[in-house]
């Protein structure tokens with residue numbers, strides 16, 4: 001080829017190579033989450049179980065008053081979960097080996113980096129906001145409650161007694177209140193008297209948590225719950241006792257929820273593409289097989305018919321030739337007879 | 001079966017091995033099963 | 001057609017009709033309660049147990065047991081097994097009613113049923129397996145409706161649209177199989193997102209495959225089962241073709257069911273092996289799992305096999321019943337018995353009597369509609385005006401060829 005063309009091609013190849021992005025590890029995309037998103041760090045070694053966080057949440061979200069007042073600590077005798085009237089609950093855990101006294105745990109939506117509720121919702125009612133909160137959009141929710149099935153932390157609650165407008169209720173990280181400027185920290189964080197809850201950027205909270213683990217190794221279990229669980233959450237926990245003793249599941253793994261269903265979902269377009277081809281092929285093969293079978297039957301029938309026909313014709317021909325021969329013979333006989341008669345005739349005639 | 005697996009690799013070696021064995025058994029088993037079921041079918045020439 | 005009934009007296013007050021009416025009335029009352037007191041006033045659903053009997057039975061079992069539609073039409077039109085042709089319309093009718101009732105039951109279960117079209121028309125949650133289920137069920141319901149329509153059009157006498165649809169049979173069938181594969185498997189995939197809540201013996205990344213394969217067994221068995229019941233109750237609506245092909249359908253579908261169940265059984269065992277879950281078999285949940293696998297998959301599989309080989313039609317029917325029960329058990333296990341197994345016994349779910357009543361009411365409506373449609377429309381017989389073949393010389397047929405008989409118990413039913 002011409003030198004100019006060759007140089008041109010070389011240049012294009014070089015440009016292409018330079019523009020090509022470096023391939024991701026093994027072709028599988030990795031997502032780090034929104035940078036600078038906010039979260040909360042809960043320190044179980046600081047929590048005194050006063051329930052003021054519950055009161056604070058109730059107040060800022062204008063939730064209905066609970067059956068028992070927040071000052072009533074006897075509710076801690078039973079384990080509670082979130083319900084439509086309470087976005088967060090504090091539970092008390094007694095008789096944990098290695099702990100001097102009861103340990104308290106505040107529980108609410110953990111605002112996962114890859115929320116199972118958002119993955120499960122078939123109307124995209126849940127959003128992971130850049131600020132970190134996982135929010136719910138009541139204008140599209142159908143009330144199917146699949147999010148409640150999906151959440152590994154058993155957080156979303158449903159207003160079963162509402163007839164026309166049953167809502168999914170859960171902690172919002174006070175996202176609407178903070179973004180509108182009404183609050184600077186979530187209601188629970190602001191109410192905590194012992195700084196068991198601190199609000200900040202997730203990256204900072206992890207650093208703070210690591211520092212505490214480093215500075216006070218005898219005080220804490222060496223694990224930040226929520227750093228990697230279910231792919232990571234924006235609500236982080238430190239504890240001096242095993243998290244399982246605080247009713248927190250340690251068997252959830254680190255796989256984010258969307259990856260649990262992405263395989264099955266990936267098969268959908270394959271079925272949609274391949275099945276029609278496969279089934280049409282089977283149909284076509286069967287049709288051809290039937291057609292061939294029919295043709296063969298027809299041929300066999302035709303052959304048989306032709307054979308019968310031929311046999312019949314042969315028989316007919318034979319019969320006809322025989323008839324002809326018979327006829328000829330008969331004629332000859334008659335002629336002979338006539339001649340004989342004629343020969344005998346003159347002697348007998350006239351009488 | 002009680003052995004602890006320390007790596008994904010070890011886990012997969014064990015489980016995939018068991019699965020391949022089962023697949024082989026399945027293929028042979030299903031073949032025999034199919035022969036059993038269709039054993040007494042009347043001869044159908046053109047259907 | 002002749003049936004030996006005492007002249008003039010066809011009473012509407014049969015036991016079945018009376019019971020059915022009572023059920024419908026109770027259902028109507030509970031419907032009123034559901035939409036005045038909310039789900040909380042009628043069900044035992046809770047924040048721990050958001051899905052209950054209506055999902056386990058009306059949705060999961062309803063869809064699985066309606067699989068006869070795509071199986072039969074695929075067997076006849078795609079695989080070219082023309083001898084099953086007479087079984088197609090009853091199967092399509094069962095499927096059409098089944099799916100319609102699934103949507104009907106869902107309108108009781110979801111919080112805002114008027115928003116059910118939202119995922120398709122307002123905002124699509126494409127990451128959700130439920131979205132895919134909904135979309136496929138929606139499209140498949142339309143497909144089934146179109147596939148059922150010719151029998152309705154023949155009853156009404158609209159020839160041209162009927163012929164148009166019939167010409168599209170193959171395309172509709174293929175579309176139906178594609179959609180069915182997707183949503184049958186996706187119903188299993190729904191539970192993939194909750195590994196921490198479903199017992200390890202039932203949780204598997206192969207859940208979609210298990211649900212799909214078992215739906216085939218369910219569909220084939222339901223055709224046999226429905227055919228048996230119809231034989232008893234709708235016999236006078238069945239024409240010669242249907243009756244003569246019926247045994248072949250039972251035999252052929254039994255053969256298919258035997259093989260599918262065998263494959264399903266082996267896949268489940270391989271699934272246990274791949275996740276090294278053998279130890280769980282030694283627990284009480286393990287015993288329950290083995291009951292489901294051995295008593296309701298392996299056992300009907302063997303019964304079908306013996307029945308096919310030894311040509312025992314009655315055994316086929318019992319095996320079909322066992323299979324159907326097994327599919328129901330499996331769906332109940334995945335969505336209810338083995339779901340939330342980690343919760344304390346006090347937190348587990350049991351349906352309220354009203355939930356049970358609504359499920360019974362939904363099935364009753366289905367049976368009544370099936371009876372009505374198959375009585376008046378050409379489901380069990382071919383309307384000769386629309387018959388595919390050209391009548392032979394001398395055939396006068398103005399009416400379908402029914403077999404003359406007395407209204408008595410047909411010998412081909414269960415124990416008689």
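Every number here is computed from the coordinates shown, using simple stated rules; none is lab data. Bear in mind that the values here come from a model prediction, so they are computed numbers and not experimental data. So basically every Cβ, Gly included, is an ideal-geometry build from the backbone, and we count neighbours across all protein chains shown.
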In the calculated pair distance distribution of the stretch A:278-325, what percentage of Cα-Cα distances lie above 18 Å?
-> 56 percent
Number of partner chain Cβ atoms within 10 Å, mean per residue of C:272-279 = 5
For peptide A:147-156, how many partner chain Cβ atoms fall within 10 Å of a residue's Cβ, on average?
-> 6
Two-site label geometry, residue A:211 and residue A:334: point separation in nm, points 7 Å out along Cα→Cβ | 14.1 nm
Return the distance in nm (one decimal) between the two label points of a simple spin-label model at residue A:194 and residue A:74, each offset 7 Å from Cα along Cα→Cβ.
-> 2.3 nm
Relative to the present Cα-Cα distance, how much length would full extension add between residue A:254 and residue A:305 at 0.36 nm per residue of separation?
-> 10.7 nm
Is it possible to state the helix-based mean residue ellipticity at 222 nm for the protein assembly as shown, with each DSSP H run of 4+ residues giving -39500 (n - 2.57), the sum divided by total residues, to the nearest 500 deg cm²/dmol? What is it?
-> -18000 deg cm²/dmol
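So if each residue of separation counts as 0.36 nm, and I subtract the Cα-Cα distance between residue C:294 and residue C:376, what length gain in nm does that give?
Extending this stretch completely gives an extra 25.3 nm.
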Projected area averaged over all directions for the convex hull of the alpha carbon atoms of the stretch C:164-236, nm², comes out at 7.5 nm²
Note: chain A, point scatterers on Cα, Debye, no solvent; log10 I/I(0) at q = 0.08 Å⁻¹ equals -0.61
Given the convex hull of the Cα atoms of the protein assembly as shown, what is a quarter of its surface area in nm²?
-> 65.5 nm²
Semi-axes of the stretch A:77-202's equivalent ellipsoid from the Cα gyration tensor, sqrt of 5 times each eigenvalue, largest first, rounded to whole Å?
-> 27, 19, 14
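Evaluate peptide A:294-306: per residue, the Cβ atoms of other protein chains within 10 Å of its Cβ; return the mean as an integer.
Per residue, the number of nearby Cβ atoms from other chains is 0 on average.
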When only C-alpha pairs under 8 Å and at least 6 residues apart count, what is the relative contact order of chain A, in percent?
-> 19 percent
Taking the stretch C:45-381 and dividing mean pair separation by its residue count, relative contact order in percent (alpha carbons under 8 Å, at least six apart) | 28 percent
Using 7 Å Cα-to-Cβ label points, what is the residue C:19/residue B:25 separation (nm, one decimal)?
-> 4.4 nm
Report the full-extension gain for the segment residue C:142 to residue C:107: residue separation times 0.36 nm, less the Cα-Cα distance, to one decimal in nm.
-> 10.8 nm
Given 25 °C, 0.890 mPa s and a Kirkwood radius over Cα pairs, the Stokes-Einstein diffusion coefficient of the stretch A:141-201 in µm²/s is 177 µm²/s
Sorted from largest down, give the three principal axis spans of the alpha carbons of the stretch C:209-346, whole angstrom values.
-> 56, 33, 22
Compute the long axis of helix C:240-274 from its Cα atoms, compare it with the longest principal axis of the Cα atoms of chain C, and write down the angle in degrees, 0 to 90, nearest 10.
-> 20 degrees
When all Cα-Cα pair distances of the stretch C:45-381 are considered, the percent exceeding 28 Å is 42 percent
Could you state the angle between the C-alpha long axis of helix A:257-348 and the longest principal axis of the C-alpha atoms of chain A, as a value from 0 to 90 degrees rounded to the nearest 10?
-> 10 degrees
Angle in degrees between helix C:299-309 and the longest Cα principal axis of chain C, rounded to the nearest 10 = 30 degrees
